[in-house]
Amino acid sequence: VGIGILPILRGVTHSPFPISHFPNSQLLRRPFHIARTLISVYYAYMLEYRAELIFWVLSGSFPLIFLGLWNQAAQSNNLGFTPAEFARYFLAVFLVRQFTVVWVIWDFEKEVVQGKLSPLLLQPIAPVWRLFFGHVAERFTRVPFIVLLVGLFCMLYPEAIWIPTPYACFWGSLTLMLSFCLRFAIQYTFAMLAFWVERATAIQQFWFLFYTFLSGMIAPLALFPEAVREFALWTPFPYLIYFPASLLIGLPVDLRRGLLTMFIWGAIAFVINRLLWKAGLKHYSGMGA
């Protein structure tokens with residue numbers, strides 16, 4: 001195994017299908033074929049755990065609990081949001097959380113600690129793509145349960161039903177996908193610490209504290225003090241929930257600043273990730289992997 005990993009550690013990727021053997025049309029179709037295959041495989045895998053999926057979806061319904069609290073507060077105080085607007089906001093937060101949930105650090109930590117990463121390094125596909133498309137496939141399995149919960153929400157809060165504009169649909173959906181990619185990149189970067197420590201997930205738990213309070217999950221950022229709000233907008237947290245949720249329901253946000261900030265944090269996470277990956281592989285091989 002060590003001999004097989006050495007070429008990878010030197011930056012050389014050996015594939016059983018050399019590029020010269022593929023026509024240009026096949027080279028263009030090959031990444032899509034790989035992505036489709038991985039998604040279909042992991043989709044079938046996730047369907048085996050339908051009972052667990054129900055609990056995973058319900059665990060993401062935390063914002064709906066805050067909806068009841070803020071609704072009561074809005075009825076007795078002038079907070080700048082009506083009860084219907086709070087309902088729309090927290091429904092959008094619920095949807096964003098369902099489609100951006102990430103657990104890559106737990107999977108990667110297990111692969112490193114248990115030595116399961118070694119055979120994956122010998123394959124022509126980078127391990128990250130299996131983890132990424134596994135997350136994408138899991139999104140599709142959630143859809144039926146999400147539809148049921150949204151239907152129940154509409155029955156309880158009919159006054160909160162709204163029709164998103166084409167602008168909200170396009171930018172809300174786009175930023176939703178970008179938020180998932182950004183959260184995946186950040187958590188996967190934290191996962192690289194598993195090469196040096198056995199509990200990289202402890203870093204994620206510490207990160208989750210800031211994520212809970214600064215992402216807009218417990219309250220819209222418009223209700224925060226101005227100094228706290230400005231500080232939060234320079235961090236990646238609001239762009240993981242508040243930014244796409246606000247676009248979905250039509251709350252005013254700075255679109256250019258939001259997209260630029262997401263790109264900057266994504267680039268930072270990517271660079272740090274690549275540096276830790278290269279250093280981690282050397283350390284991993286030194287441990288006799």
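Could you tell me whether region 144-160 includes any residue that is among the hydrophobic types (A, V, I, L, M, F, W, C), closer than 26 Å to LEU259 by Cα and open to solvent by 40 Å² or more (accessible area, probe 1.4 Å)? Looking for residues that are among the hydrophobic types (A, V, I, L, M, F, W, C), closer than 26 Å to LEU259 by Cα and open to solvent by 40 Å² or more (accessible area, probe 1.4 Å), one finds none in region 144-160, hence no.
When you scan region 128-136, do you find a residue that is at pLDDT below 90 and open to solvent by 40 Å² or more (accessible area, probe 1.4 Å), even just one? Taking every residue of region 128-136 in turn, none turns out to be at pLDDT below 90 and open to solvent by 40 Å² or more (accessible area, probe 1.4 Å).
Yes/no matrix, rows are residues, columns are (1) out of contact with any Phe, Trp or Tyr (no Cβ under 8 Å at 6 or more places or on another chain); (2) assigned to a helix (DSSP H, G or I); (3) modelled with pLDDT of 75 or more:
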residue	(1), (2), (3)
LEU38	no, yes, yes
GLU52	yes, yes, no
TRP56	yes, yes, no
ARG88	no, yes, yes
LEU95	yes, yes, yes
ILE105	no, yes, yes
VAL112	no, yes, yes
LEU120	yes, yes, yes
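Among the residues of this structure, TYR167 counts as one that is surrounded by fewer than 20 Cβ atoms within 10 Å (Cβ to Cβ) and of a type in the set (Phe, Trp, Tyr).
Out of curiosity, is PHE22 aromatic (Phe, Trp, Tyr) and either at pLDDT 70 or above or open to solvent by less than 80 Å² (accessible area, probe 1.4 Å) (or both)? Spell out the reasoning first.
Numbers: aromatic (Phe, Trp, Tyr): yes; either at pLDDT 70 or above or open to solvent by less than 80 Å² (accessible area, probe 1.4 Å) (or both): yes.
Answer is yes for this residue.
Of all residues in region 276-289, those being closer than 20 Å to THR189 by Cβ and either open to solvent by less than 50 Å² (accessible area, probe 1.4 Å) or touching a His at 6+ places or on another chain (Cβ under 9 Å) (or both) number 6.
Of all residues in region 255-275, how many are touching a residue at least 12 places away in the same chain (Cβ under 8 Å) and open to solvent by 40 Å² or more (accessible area, probe 1.4 Å)? Can you show your working first?
Restricting attention to region 255-275, the residues satisfying the condition of being touching a residue at least 12 places away in the same chain (Cβ under 8 Å) are 255, 257-259, 261-262, 265-266, 269-270, 272-273.
Filter once more, keeping what is open to solvent by 40 Å² or more (accessible area, probe 1.4 Å): 257, 259, 265, 270, 272.
Selection size over region 255-275: 5.
Note on region 189-203: residues that are open to solvent by 10 Å² or more (accessible area, probe 1.4 Å) and in a helix (DSSP H, G or I) amount to 5.
The values are calculated or read from the model by the stated rules, or taken from the named source; none is laboratory data. Only a predicted model underlies this, so the values are computations on that prediction, with no experimental measurement involved. A quick note on method: Cβ atoms are made from the backbone with ideal geometry, for glycine too, and the neighbour counts reach across all protein chains shown. For accessibility, only protein heavy atoms count, side chains too; no ligands or nucleic acids. Shrake-Rupley method; radii C 1.70, N 1.55, O 1.52, S 1.80 Å.
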